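Below is one structure, written out as C-alpha cells, with a few remarks after it.
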Amino acid sequence: MSNVTKVLIVDDDKATTQVLSEVVKRLGLRPVVANRPADALSLSKLQYIQGAIVDVLLPKMSGVDLVEEMRKTKFADGPVILISGVFKDKSFAEEAKGKCGAIAYLTKPFDLEEIKAAISNGFENIIGVERWTVHSLLLRHITSLRERAKAVERLDGITGYDLPYILTFLMEVGLSGDLTIASESGEIFGAKLKDGKIAELDSEQSRQRSIEALIANGLLHGDDWKSFKQKTEMKFVLTDLVEAGLVSPHAMAVAQRAQILADMKSICQSGAINLSFALGEVAVESNADPVDMYEFMSYLSEIFDESKALDYLRSFYKDVLDSPLRVVGFVDVLNQVFNSPEYFEMNDFRKAVEDRKSISTCLKTDETKADLVYRCIHRLVLMRVLIFEDEKRAGREQAALDRYKKVFETLKDRRPDQVFAYFGASDSASPAFIEKIYQDYVRSSNPKALPADSSAELVEFCTKCFELVTKARDIMVDERRRAELFEEIKTEQDTKLRRSSVYVTTALDLIKKGNFRGALEQLGKAEQVMPSSRQYLLTVWASLKAKSFDGQSGLHEFSRGLESLPAEDRRTPYYYMAMGLLKRQMGDATAPSFFERALQLDPTFIEARREIQGGAAESRKNQKLDIFTDDITAVVSNLFKRKPK
C-alpha cells in the first residue's frame, strides 16, 4: 500500500531519469518515470501525480506542450520543474516557464545539490501532504462534496474489490460526475454518477454484456439477435433493437442493470485499478434508469457470493479491527439488514454493534461466524450505516491542537528574530539558515497537510501559526527588511536601556543608604523595562540584605542565577559583592575573599569594605578568648568592655 507523494519524471534519457529518481527518493518522494510524452499523459490522467520534472526536448511533443496537456487532467496546478541540455538561453527558459506555469528551469548537466534544492523549494507544498488509501477513508468522516471528490482523486493502491466502497462513498452525498476506471489489463470503464445514482457503467464489453443479459432473461430471442446482427452494421445502440421490435422498451432497464452487474464483476476481479474522478454535471440518455445505493447492494451480494470475499474483507478491515463501531445511518436500514434471512439470527452481533464494540470484540463472541460478521459489517459500511471511531486519531488531533495553541501564545507578540530564536536560530543566523528552519517548519506544520476532516479549531490555530512564522520568515530573509528590523530593535533597546538604567541607578543609591526594600521596588521596574546583568546583581544584593528570599531554595536559586551569568559579568565588583553576601548567608567561610576581590577591582567600593569590617567585628564578637594563650591586650580589652544594659 503506497502512501507517498508521487513525482512524475519525464525524460527519454534513462540515465537522467535514474539520477533524478534517486534524488526524488532521498527527499522522501516516490518517482514515477515515463520516457514518452504519451505515457506521461496517461499517468497524469490515471494516477494522483502531485509534481513533475519534465525535459523540454521530447520525441513527438515538447515538454512544454506536454505540461500544458497535463494541466487539463487531474494533475491541474501541480508544480513542474523543466530541464534541458539543449535550450540554455535565459529568455527561452523564462518563456517556457511562463507558457506552462513551471516553477523552475534547470540546464544539464546540473549539480545534484542544485536539483535537490529546486525540488525541495519548488515542491514544498506537496511534500508531507497527506495521501489517502481506501482503507484510510474508513476513519475519515468527510461531509463536503468537494472534499470527497478530492479524496477519491488522491486514492492510491486500489483494487477492484475496493470500487463498491468508493462508489457508495460518492453516492452517499449525492455527487454527480464522471469516474474513469482503468484495470491492470488495460480495460477502461466509465461510470456516470447522477445525483448520487449510477446512471451508466460502460466498457468496451458493455453492449455485448447487455445482449447476453437480454437473451439470458428471455427478453431477446437468440435467432432474432443473429438475424439482426447480420443485417446491421457493427456500430449500433441498444435502442435500435426496440425500434426493430425485437425487445420491449422495459427490457432496456433489465439489460442495463444486468450489464452494470457484469461490468462490476469484471472490475472487482481485475486486481489493481486506477481511478480518475471529474466532479460536475453529466449528460445521460433520456431513457436511462439510474441505480440508487440500495439497489446497488443487491448487485454486490451476488458479486461477493461468487468470490472468495472473506480474505479480501479481512484485509480491508485489518487496520480498524479495534476501532469502536458507531451506527450513523437510518434505523430502518439497520433493521432491513438484520431482518434479512442471511443475518436474521445474529442478535448478539447486532447488540455488539449498537453498543459500539469493535470488530475484534464481535468476532470473539463466535469465531465460526467470522464470514457472516465480515459480510454483515461490509454491507452496513457500504450502506453508510456504520462508521469507525478513530480514538487514537482524536487524541493525536487534540495533542496537535494543544501544541499549536501553545506555540501561537508563545510567538504571537514576538518580533521576527525572536520567532526564529524560538526555533533555535541565533541573533546572527544567516538568511539561508532562517530559510532552512522555515522549510523544516513547512514540512511539519503546513495547514495544507492537515487531514481534510480536521476540526475547524485545529485548522484555525495551525493556520495562525503558519502565517505568523511565514510573516517572520519573509522579513528575516529579505536583506533590506531585516536591516530595518535590526535598526528598529537597536533604537528600541537603546531607549529601554536608558529607562532601565535610571531605575538601576536609583536602586544603587537606595542600597548605599540602606533602603533595600525601596531598592527592590526600583529594580523590579528596571526588570520590566529591560532586564540586565547589573540589575540582577543588585537584586541579589538587595534581597539578601533585606532578607527577602524563600529560604534555602531561594539561596540556591540565586546561586544558579549568578553562575549562569556571562563570563564578562562574573568579573565585576557587583558580582563579587553578591557572591560574598550569598556565601555568608549560606555559612561559607570563603565569603570574605569575595568582598576582598570586589575591593581589588574597585578600591572605592565602600560597601564591600564595610562587609569585610562587619564580618571581622562579628568574628571577634563571637570569639572566646583564653587568658593563658591569647594576646594579653585583647584579653584585657575584652574584660573591660561595657556590657549592654
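Before moving on, here are some points about what is shown:
- Since only 56, 141, 157 are under comparison, the one whose Cα sits farthest along the positive direction of the charge dipole of the range 26-166, derived from C-beta charges on Lys, Arg, Asp and Glu, is 141.
- Anchor residue 357: lysines whose Cα lies under 30 Å away (excluding residues fewer than 8 positions away in-chain): 308, 318, 369, 392
- Paramagnetic reach from residue 330 (point 7 Å along Cα→Cβ, amide N under 19 Å) across the range 382-410: 382-387
- Taking all protein chains together and a 1.4 Å probe, the residues 460, 397, 467 rank 467, 460, 397 from largest to smallest accessible area.
- Area accessible to solvent at residue 417, 1.4 Å probe radius, in Å²: 20
- Taking every DSSP helix (H) stretch of at least 4 residues in the chain, weighting each as -39,500 (n - 2.57) and dividing the sum by the residue count yields a mean residue ellipticity at 222 nm of -17500 deg cm²/dmol.
- Peptides ranked, highest mean first, by Cβ atoms within 10 Å: ranges 546-553, 476-483, 523-530: 523-530, 476-483, 546-553
- Peptide ranges 139-148, 569-578 listed from the most packed, as the mean C-beta count within 10 angstrom indicates: 569-578, 139-148
- In this Cβ point-charge picture (+1 for Lys and Arg, -1 for Asp and Glu), the range 31-89 has a dipole of about 160 debye about its Cα centre.
- Most positive-pole-ward Cα, 419, 199, 177, against dipole of the chain from beta carbon charges: 419
- Calculated FRET efficiency for the pair residue 610/residue 440, C-beta based, R₀ 51 Å, to 0.05: 0.35
- With the whole protein complex present, residue 389 retains an accessible surface near 50 Å², based on a 1.4 Å probe.
- Loop-located GluC sites (Glu not before Pro) in the range 188-262, at most 10 other Cβ atoms within 10 Å (DSSP): 204, 233
- Were the residues from residue 495 through residue 284 laid out at 0.36 nm apart, the gain over their Cα-Cα distance would be 68.5 nm.
- Put a plus charge on the Cβ of each Lys and Arg, a minus charge on the Cβ of each Asp and Glu, and nothing anywhere else: the dipole of the chain about its Cα centre is then about 3880 debye.
- Note on the range 37-180: Lys pairs 8 or more places apart or on different chains, Cα atoms under 13 Å apart, count 5.
- Ordering of 598-604, 52-58 by burial proxy (mean other Cβ atoms within 10 Å per residue, highest first): 52-58, 598-604
- Whole-number percent relative contact order across the range 54-96, with pairs defined as alpha carbons under 8 Å at least 6 apart: 43
- Quick note on the chain: its Rg to Rh ratio, both from C-alpha atoms and Rh being the Kirkwood radius, is 1.23.
- Percent carbon-and-sulfur accessible area, the range 24-121, ignoring ligands, DNA and RNA, probe 1.4 Å: 53
- Across q = 0.25 Å⁻¹, the range 501-587 modelled as identical point scatterers on its alpha-carbon atoms has Debye log10 I(q)/I(0) values of -1.36, in the order of the q list.
- With every protein chain in place, the range 487-550: carbon and sulfur % of accessible area (1.4 Å): 49
- Our coupling estimate for the range 11-24, obtained by passing each phi through the Karplus curve with A = 6.51, B = -1.76, C = 1.60 and θ = phi - 60°, is 6, 7, 9, 5, 5, 5, 5, 5, 5, 5, 4, 5, 5, 4 Hz, Gly and Pro reported as x.
- Probe 1.4 Å, protein heavy atoms only - accessible area per residue of the chain in square angstrom: 53
- Selection from 523, 511, 115 lying farthest towards where the dipole of the chain points positive, charges on Cβ: 511
- Within the accessible surface of the range 360-411, defined with a 1.4 Å probe on protein heavy atoms only, the carbon and sulfur portion equals 51 percent.
- Remark: the residue 239-residue 483 segment gains 80.2 nm on full extension, using 0.36 nm per residue and subtracting the alpha carbon distance.
- For the chain, the relative contact order comes to 9 percent (Cα pairs under 8 Å, sequence separation of at least 6).
- Around the amide H of residue 291, modelled in the peptide plane, lie the amide H atoms of 198, 199, all under 5 Å away and 5 or more residues distant in sequence or on another chain.
- Efficiency of FRET from Cβ geometry, residue 525 and residue 593, R₀ 41 Å, rounded to 0.05: 0.80
- Taking a straight Cα-Cα cut-off under 19 Å and skipping sequence neighbours fewer than 8 places away in the same chain, the aspartates and glutamates within cross-link reach of residue 229 are 204, 212, 240, 243.
- Extension gain for residue 72-residue 348 works out to 94.1 nm (0.36 nm per residue, less the C-alpha to C-alpha distance).
The values are calculated or read from the model by the stated rules, or taken from the named source; none is laboratory data. Everything numeric in this text was worked out from a predicted model, so none of it was measured. All Cβ positions, even for glycine, are placed from backbone atoms using ideal geometry, and neighbour counts span all protein chains on display. What goes into the accessible areas is simple: the full protein's heavy atoms, side chains included, and nothing from ligands, DNA or RNA. Shrake-Rupley method; radii C 1.70, N 1.55, O 1.52, S 1.80 Å.
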